[in-house]
Amino acid sequence: MSGLERPSADGVTSPPLALKASEVLGVLESGQVEVLGRLPYSSNYVFLVQVGLGGALVPAVYKPRRGERPLWDFPPGTLAAREVAAYLVGDAGGFGFVPPTVLRGDAPLGAGSLQLFIEHDPNRHYFVLVEEREADFPSLAAFDVVINNADRKAGHVIEDAAGELWAVDHGLAFNADDKLRTVIWEFAGDPLQNDVKDKLLALRHALLAGGLRDRLAELLSVGEAAATLARTEALLADARFPVPESQYRLPWPLI
């Protein structure tokens, strides 16, 4: 993970630390949040913050609920919770694309999500990356099907300095109705690879065990939690990536 720093004794920032995901989550959940500024090019209010705890400083993206633009097809004030739900689903299935994300009720501008900020080159988005490393994307395509991602723009796929892929901006996901809109259609109709099946099976197990499904029901709704399990089981049963069936299968703008 990039951008994790610890101040030295003389106040000078030391090189980034390789904190574990559990440690990052601990800082995001309990650390002191300092707003550094608003991030541009977002339809909602999104802020870059710094979260400090026990000497560790974690850069994060803060999305307060009260800064969410009302939408006709998603309940108001739920987008931050959907960001957290995406992290939990990704973690349970071993997808690993979504940066550590938590919900904080005591953030400076009110309740909202905090997600580890990943330093990246915005010019290296999905349309560039898929040309270089297409084999790395089938599991992300499956992940988007499972969470019913309604807004997978190319710019929501990023690469850090170490070459690790990340997926961000999942506020428009988990709707119980079919809302899949994505730029990732390269695998439409292809059979699922074994590693993708393994991730889906792990996610299905976590959902059936109850803990994850209950947490999704708290963050979203009982119906949306049930729909997540249903999509997972349907994708496993089909054993193929879906094929777009209408003209409304791409987000806008594409990047």
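The values are calculated or read from the model by the stated rules, or taken from the named source; none is laboratory data. As the structure is a prediction and not an experimental result, all values here were calculated from the model. Heads up, the Cβs are rebuilt from the backbone with ideal geometry, glycines too, and the neighbour counts pull from every protein chain shown.
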Inside region 46-73, can you point out the residues that are closer than 24 Å to residue 224 by Cβ and among the aromatic types (Phe, Trp, Tyr)?
62, 72
Only residues that are polar (S, T, N, Q) and without any contact (Cβ under 8 Å) to a residue 60 or more places away in the chain: list them for region 96-114, please.
113
Check whether at least one residue in region 237-245 is of a type in the set (D, E, K, R) and either in a helix (DSSP H, G or I) or surrounded by 14 or more Cβ atoms within 10 Å (Cβ to Cβ) (or both), and report yes or no.
yes
Could you tell me whether residue 117 is closer than 30 Å to residue 240 by Cα and touching a residue at least 60 places away in the same chain (Cβ under 8 Å)?
no
Please find, among 80, 92, 85, the residue that is in a helix (DSSP H, G or I), in contact (Cβ under 8 Å) with a residue 12 or more places away in the chain and touching an Asp or Glu at 6+ places or on another chain (Cβ under 8 Å).
80
Suppose we keep only residues that are out of contact with any Ser or Thr (no Cβ under 9 Å at 6 or more places or on another chain) and among the polar types (S, T, N, Q) within region 174-196. Which one would you say is farthest from residue 144 (Cα to Cα)?
194
Residue check, residue 175 part of a loop (DSSP other than H, G, I, E, B), in contact with an Asp or Glu (Cβ under 9 Å, 6 or more places away or on another chain) and among the polar types (S, T, N, Q):
yes
Any idea which residue in region 32-90 is modelled with the highest pLDDT, counting only those that are of a type in the set (Asp, Glu) and surrounded by 17 or more Cβ atoms within 10 Å (Cβ to Cβ)?
83
Tell me whether region 211-230 contains one or more residues that are touching a Gly at 6+ places or on another chain (Cβ under 9 Å) and either within 20 Å of residue 94 (Cα to Cα) or part of a loop (DSSP other than H, G, I, E, B) (or both).
no
So which residues in region 183-204 are in a helix (DSSP H, G or I) and either modelled with pLDDT under 95 or surrounded by 13 or more Cβ atoms within 10 Å (Cβ to Cβ) (or both), if there are any at all?
196, 197, 198, 199, 200, 201, 202, 203, 204
